[in-house]
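Structure first, then comments.
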Amino acid sequence: MADSHDYTPPKVWTWDKESGGKFASINRPIAGATHEKDMPVGKHPFQLYSLATPNGQKVTIMLEELLAAGHTGAEYDAWLIRIGDGDQFASGFVDINPNSKIPALMDRSGPEPIRVFESGAILMHLAEKFGTFLPTDAAPRAECLSWLFWQMGSAPYLGGGFGHFYAYAPEKFEYPIDRFAMEVKRQLDVLDRQLAENTYVAGDDYTIADIAIFPWYGGLVKGWLYDAAEFLDVQSYTNVQRWADAILERPAVRRGRIVNRTSGDPASQLHERHDASDFETRTQDKLAAAE
C-alpha cells in the first residue's frame with residue numbers, strides 16, 4: 001500500500017485488487033448472493049441469523065431481556081452466520097437482508113413472516129411488538145430514539161473507521177488513526193457528559209438506546225474492542241465506566257453477549273441458541289458436534 005501522499009486517485013475507480021487487511025476476502029463493490037443456500041428455520045417465533053459482533057449482540061441482548069421480563073413470545077433460535085466464510089452472501093440470507101450484514105431477523109410470530117434487517121430496526125420492531133424498553137410518551141420516546149440513532153450514526157466511525165485503521169489495516173498510517181481516534185474520543189465525551197446527569201443513556205430508565213450503545217461503547221471502555229483501551233485512555237470516562245458496569249450486572253446482558261460467539265474463552269461461547277437450557281448445557285464438545 002502506498003503512502004497517501006503518493007496516491008493519486010484515478011478518474012474512475014475500478015476493482016482490480018483486494019482491499020487488503022483481515023476482511024479482504026469478503027469485501028467487494030457489488031451486492032447479491034454468491035451461492036445458493038437456504039437459511040435453517042427452528043421452532044420458535046423469532047429466527048435470528050447472526051454473529052456476536054457488537055451489532056449482533058444488540059439483538060441477542062434484547063431478546064434475552066424480553067424473556068427475562070416475562071415475554072415468553074420472544075423465544076428465539078439464533079443461527080450462526082460466519083461472516084469470515086461468507087455465510088452472509090448465501091441466497092437465503094440475502095433474501096432476509098439484501099445488504100448482507102448481520103444481524104438479520106425473521107419474525108414468524110404472525111400469519112405472514114416479516115423480515116427485519118439493520119440492528120436498530122430490529123430493536124425498534126421488538127420494542128414496539130412487546131411494548132417495552134421504548135417509552136410511549138412523546139418526549140422520552142424522542143430522547144430514546146435520538147440516542148438509538150446516535151449510535152447507528154456514530155459506531156461506523158468507531159468500527160469501520162478507528163477499528164479498521166488501528167487494528168485491521170495491513171499497514172498503519174498516522175493520519176487515519178489520529179483522525180478516527182479523535183472522533184471516537186469525542187463520541188466518548190458526548191456519552192460521558194450525558195451519563196453524568198442520567199442513570200441510563202436516555203434518562204432514568206433502561207431502554208433500547210442502552211442495548212444498542214452498550215456492545216460498542218461499553219465494550220470499548222471495558223477493553224474488549226481492538227486492544228485500544230490504553231491508547232484511548234478509556235478509564236478517564238468515569239461515567240461511561242459506571243454505566244457499563246451497571247449494564248453488565250444484568251443477567252440477560254451476560255447471556256446475550258455470548259450467543260453466536262465463536263472466539264475468546266470457550267466458556268464465553270454459545271455458537272447457537274435454540275433453548276434457554278443451552279446456556280447451562282453448552283460445552284465445546286457439544287458445540288463442535290452441532291456444527
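Things worth noting here:
- For region 25-126, the pair-distance distribution built from all alpha carbon pairs, in bins 5 Å wide starting at 0, is 2, 14, 25, 26, 18, 9, 4, 2, 0 percent.
- Extending 7 Å from the Cα toward the beta-carbon at both D38 and N198 defines two label points whose distance is 4.5 nm.
- The chain: C-alpha gyration tensor shape, a/c 1.5 cut-off, then a/b vs b/c: oblate
- In this calculation the C-beta distance from R186 to L248 is compared with R0 = 22 Å, giving a FRET efficiency of 0.35.
- Summing Lys and Arg as +1 and Asp and Glu as -1 over all other residues whose Cβ lies under 15 Å from the Cβ of G203 gives a net charge of -4.
- Simple label model, 7 Å out from Cα along Cβ direction - S109 to E280, nm: 2.5 nm
- Centre separation in Å (Cα based) which lies between region 203-274 and region 1-66: 21 Å
- Rounded if a/c under 1.5, otherwise prolate or oblate - region 138-255, Cα gyration tensor axes: prolate
- Proximal aspartates and glutamates relative to K58, as straight alpha-carbon distance under 12 Å, when same-chain residues fewer than 8 apart are discounted: E118, D210
- Packing here is the average count of other Cβ atoms within 10 Å per residue, and on that basis the peptides 131-142, 54-65, highest first, run 54-65, 131-142.
- Within the chain, the selection of entire DSSP H helices by a Cα span of 18 Å or greater along the long axis and an average Kyte-Doolittle value of at least -0.5 returns 54-68, 138-156.
- In order along region 37-53, phi translates into HN-Hα couplings of 6, 7, 7, x, 10, x, 8, 8, x, 10, 10, 10, 10, 7, 8, 7, 6 Hz, rounded to whole numbers, per the Karplus curve 6.51 cos²θ - 1.76 cosθ + 1.60 with θ = phi - 60° and x for Gly and Pro.
- For a modelled paramagnetic label at Y168, 7 Å from Cα along Cα-to-Cβ, the residues of region 228-269 in reach, with backbone nitrogen under 16 Å, are 228, 262-263.
- Fraction of beta bridges assigned by DSSP in the chain that are antiparallel (%, nearest 5): 60 percent
- Additional length obtainable on full extension of the chain from A229 to F23, 0.36 nm per residue less Cα span: 71.9 nm
- Judged by the mean number of other Cβ atoms found within 10 Å, the most tightly packed of the peptides 245-253, 74-82 leads the ranking 74-82, 245-253.
- Between the listed residues A276, A33, I96, the Cα displaced farthest toward the positive end of the dipole of the chain, a dipole computed from Cβ unit charges relative to the Cα centre, is found at A33.
- Estimated 222 nm signal from helices in the chain, with DSSP H stretches of n ≥ 4 weighted -39500 (n - 2.57), rounded to 500: -11500 deg cm²/dmol
- Converting phi to 3J(HN,Hα) with the Karplus coefficients 6.51, -1.76 and 1.60 and the offset θ = phi - 60°, region 87-96 yields 4, 6, 9, 5, 4, x, 6, 4, 4, 8 Hz in sequence order, with x at every glycine or proline.
- Listed residue pairs exceeding 23 Å between alpha carbons, taken from K17/K172; K185/K222; K37/K129; K22/K101: K37/K129
Where a number appears in this text, it was derived from the coordinates with a stated rule and is not lab data. Remember, predicted model here, so these are calculated numbers, not experimental data. For neighbour counting, all protein chains shown are included, and Cβ atoms are generated from backbone atoms with ideal geometry for every residue, glycine included.
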